[in-house]
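J.: Attaching a single structure in structure tokens format; questions to follow.
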Amino acid sequence: MKEEKNRIVYEIEGKEIGEIEFKELDKNTVDIYHTYVDPDYQGKNIASQLVEELFKKLKAENKKAVVSCSYVAHWIEKHPEYSDQCL
């Protein structure tokens, strides 16, 4: 995975196959609004890895998230240990 400004990208052999995007709302809060995985790679837990990576980053930076992405909202339901990082 590589981190870019306002997104984390999942790559295989240099090809981007997934991403999670977010935007800063203020210095302590981001809006997670988009998650995508190439259809050829869906079902391989890639989106989940992207979400978890972002939440680890936010925790390290002491930031909270507003979740606009439906996939991330569903993921949080399955991983309540990250719900304290959501507004």
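J.: Does segment 52-68 hold any residues that are open to solvent by 60 Å² or more (accessible area, probe 1.4 Å) and more than 19 Å from Y36 (Cβ to Cβ), and which are they?
T.: Within segment 52-68, K56, K59, A60, E61, N62, K64 qualify.
J.: List pairs: first residue in segment 6-19 and on the phi > 0 side of the Ramachandran plot, second residue open to solvent by less than 60 Å² (accessible area, probe 1.4 Å) anywhere in the structure, Cβ distance under 6 angstrom, at least six positions apart or on different chains.
T.: N6/F22
J.: Among Y71, Y33, which is the only one that is under 17 Å from E4 (Cβ atoms), outside any loop (DSSP other than H, G, I, E, B) and open to solvent by 50 Å² or more (accessible area, probe 1.4 Å)?
T.: That would be Y33, the only listed residue that is under 17 Å from E4 (Cβ atoms), outside any loop (DSSP other than H, G, I, E, B) and open to solvent by 50 Å² or more (accessible area, probe 1.4 Å).
J.: Working only within segment 1-30, note down all residues that are open to solvent by 90 Å² or more (accessible area, probe 1.4 Å), outside any strand (DSSP E or B) and under 14 Å from L58 (Cα atoms).
T.: K5, K27
J.: Collect the residues in segment 1-37 that are among the hydrophobic types (A, V, I, L, M, F, W, C) and in contact with a helix residue (DSSP H, G or I) (Cβ under 9 Å, 6 or more places away or on another chain), keeping them in residue-number order.
T.: M1, I8, V9, I12, I17, I20, F22, V30, I32, V37
J.: Would you mention how many residues in segment 36-51 are in contact with a strand residue (DSSP E or B) (Cβ under 8 Å, 6 or more places away or on another chain) and either open to solvent by less than 60 Å² (accessible area, probe 1.4 Å) or under 17 Å from E21 (Cβ atoms) (or both)?
T.: Matching residues across segment 36-51 total 9.
J.: Say we look at segment 20-46 and pick out the residues that are in contact (Cβ under 8 Å) with a residue 24 or more places away in the chain and in contact with a Phe, Trp or Tyr (Cβ under 7 Å, 6 or more places away or on another chain); which of these is nearest to V66 (Cα to Cα)?
T.: Result: D31.
The values are calculated or read from the model by the stated rules, or taken from the named source; none is laboratory data. Remember, predicted model here, so these are calculated numbers, not experimental data. So basically every Cβ, Gly included, is an ideal-geometry build from the backbone, and we count neighbours across all protein chains shown. In case anyone asks, the SASA skips ligands and DNA or RNA and just uses the protein heavy atoms, side chains included. Shrake-Rupley method; radii C 1.70, N 1.55, O 1.52, S 1.80 Å.
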